[in-house]
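Engineer: Shown below is the structure under consideration.
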Amino acid sequence: MSFVSSVTSSVKPDRRFLTGLCGETTVRTPLGGRRVEMLHPGDMVVTRHNGLQPVRMIWTWTATDADMSRFPELAPIRLKPRAIGPMMPARDLRIASGHRALIPGYKIAGAEDSQPCLMQIDAIAGASDAAFVDRSASDVTYYNLVFDQHEVITAEGLPVETFRPSPKALHLVDVAARERLMSLFPNLARRRYAYPALPNPVAKASAYLA
């Protein structure tokens, strides 16, 4: 299912909601690493804050070559090994530009060394030769994992957030995904903040220390 092609074809997409892991990304599970496209609802994944949690839903969106030519921000960011720090990531990681990772505090201006902060991946692209926009593929499919709560999972050794169905995000996903999310989490229709965000602070891109 796709929301980029159907919703943002004539309007510049909001980078904050361009999220997802590219296919072949390895996610940490209790049985070891597993490629994201091989996961299914009900599979258990290791989360940073709440231990083992079952995947409730997986939805995808695809950016075509034409989409990425018109809106370059739809192309994934490729992080080479150790682009951020030791084992972060452990292997090449391709991820949507608006997806957020949990960055160590010592890499963020003004943050305590022991306090990791959420930051959009595109802040890292261009900060070093180890992170850059990747246009090597003509079509790119992004996978978003949804859990009972907003979680942090490990993708190729890098802690990254899962999809959070905020009110704005719900308006951007396709109709089928929105209906599925509403059926899984009925409170989304009744309360504005029924799916609260992670407790980690959010850092601006300008605070990233290359």
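The values are calculated or read from the model by the stated rules, or taken from the named source; none is laboratory data. Predicted, not measured: the structure shown is a model, and the values here were computed from it. Because the Cβ atoms are built from the backbone with ideal geometry, glycine has one as well, and the counts that use them run over all protein chains shown. Just the protein is used for accessible areas: all its heavy atoms, side chains included, with ligands, DNA and RNA removed. Shrake-Rupley method; radii C 1.70, N 1.55, O 1.52, S 1.80 Å.
Engineer: In whole Å, what is the distance between the alpha-carbon centres of region 105-122 and region 131-184?
Structural biologist: Between the Cα centre of region 105-122 and that of region 131-184, the gap is 22 Å.
Engineer: Using heavy-atom solvent-accessible surface (probe 1.4 Å) with all chains present, what is the largest-first order of His171, His40, His49, His150?
Structural biologist: Details: His171 140, His40 100, His49 80, His150 10 Å².
Ranking His171, His40, His49, His150 by accessible area, largest first, yields His171, His40, His49, His150.
Engineer: For Lys168, give me every one of the aspartates and glutamates with a C-alpha distance below 14 angstrom, ignoring sequence neighbours fewer than eight places off in its own chain.
Structural biologist: Counting by Cα, and skipping residues close in sequence, Lys168 has these aspartates and glutamates nearby: Asp14.
Engineer: What relative contact order, as a whole-number percentage, does the chain give when Cα pairs under 8 Å and 6 or more residues apart are counted?
Structural biologist: Values: 448 pairs, mean separation 55.1, N = 210.
Reported relative contact order: 26 percent.
Engineer: Please work out the ratio of the alpha-carbon Rg of region 47-191 to 2.2 N^0.38 Å and round it to two decimals.
Structural biologist: 1.10
Engineer: With a 1.4 Å probe and every protein chain left in place, work out the accessible area per residue of region 35-131 in Å², rounded to a whole number.
Structural biologist: With all protein chains present, region 35-131 gives 43 Å² per residue.
Engineer: A further question on this structure: Using the basic label-point model (7 angstrom from Cα toward the beta carbon), what is the Val133 to Asp14 distance in nanometres?
Structural biologist: Result: 2.1 nm between the two label points.
Engineer: Continuing with the same structure: Report the full-extension gain for the segment Thr141 to Ser206: residue separation times 0.36 nm, less the Cα-Cα distance, to one decimal in nm.
Structural biologist: In short, 20.6 nm is gained.
Engineer: Tell me the chymotrypsin sites (Phe, Trp or Tyr not before Pro) within region 125-199 that lie in a loop according to DSSP and have at most 13 other beta-carbon atoms within 10 Å.
Structural biologist: Filter output for region 125-199: Tyr193.
Engineer: Sticking with this one: So what's the back-of-envelope 222 nm ellipticity for the chain, counting only DSSP H runs of four-plus at -39500 (n - 2.57) apiece and dividing by all residues, rounded to 500?
Structural biologist: Working: 4 runs with 26 residues, N = 210.
It lands at -3000 deg cm²/dmol.
Engineer: Sort all Cα-Cα distances of region 1-131 into consecutive 5 angstrom bins from zero, then give the percent of pairs in each bin up to the one containing the longest distance.
Structural biologist: In order of increasing distance, the bins hold 2, 9, 16, 20, 20, 17, 11, 4, 0 percent.
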